[in-house]
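Notes for the one structure printed next.
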Amino acid sequence: MNSKRIPVAVTCALCAGVVRAQVPSPRTVSFETFGSRLEVAVPALSTATGLKLVCTPQLAQTVIVLHLESAPVAQVLKRIADAAFGTWVARDGGYVLYRDTARIGREQERVRIRGAGHARFFRARRRRRSGLWR
């Protein structure tokens, strides 16, 4: 495995949510793939759903695991976008999965803030244990 990229593995069964580009909700799909890159899984899912689905090269190497049994297509696409930190956009009669840089930025900020809180906690704990602070 390439150390620069960490694959995202997600199991999707029945999923919840909505897709930015609205997909007809009564459609369902049964589909299964284990440990496939999005560049392989998305075209196969496109065939299974009958929708034109494409992912951008930025997300092509993301690894995903899918096990779907009569799952609503809109919910499946939402969960895939969530797992890949992406968003589906309607283009040319189909849907393209783009990287959601705004969401990635929000997540990085959340992790940074949380990490700062952890650092303060551990510094205080070290001081208490060393007798510098009571």
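The values are calculated or read from the model by the stated rules, or taken from the named source; none is laboratory data. Quick caveat: nothing in here was measured; it's all calculated off a predicted structure. Methodologically, a virtual Cβ is constructed for each residue, glycine included, from the backbone with ideal geometry; neighbour enumeration extends over all protein chains shown.
Miscellaneous remarks
Residue-wise test of (1) assigned by TED's automatic domain parsing to the domain that holds E32; (2) more than 18 Å from the chain's Cα centre (by Cα).
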| residue | (1), (2) |
| --- | --- |
| S70 | yes, yes |
| A74 | yes, no |
| W88 | yes, no |
| S130 | no, yes |
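- As a summary of the residue check, A48 satisfies the conditions (1) assigned to a strand (DSSP E or B); (2) in contact with a Ser or Thr (Cβ under 8 Å, 6 or more places away or on another chain) except for the one numbered (1).
- In region 93-123, the residue that is farthest from L59 (Cα to Cα) out of those that are part of a helix (DSSP H, G or I) and in contact (Cβ under 8 Å) with a residue 12 or more places away in the chain is E107.
- Residue count for region 37-62, restricted to those that are surrounded by fewer than 21 Cβ atoms within 10 Å (Cβ to Cβ) and hydrophobic (A, V, I, L, M, F, W, C): 6.
- Cβ pairs under 6 Å, 6+ apart, first in region 17-42 and modelled with pLDDT of 85 or more, second of a type in the set (D, E): S30/E69
- Within region 107-125, one or more residues are under 14 Å from the mean Cα position of the chain (by Cα) and either surrounded by 10 or more Cβ atoms within 10 Å (Cβ to Cβ) or not aromatic (F, W, Y) (or both).
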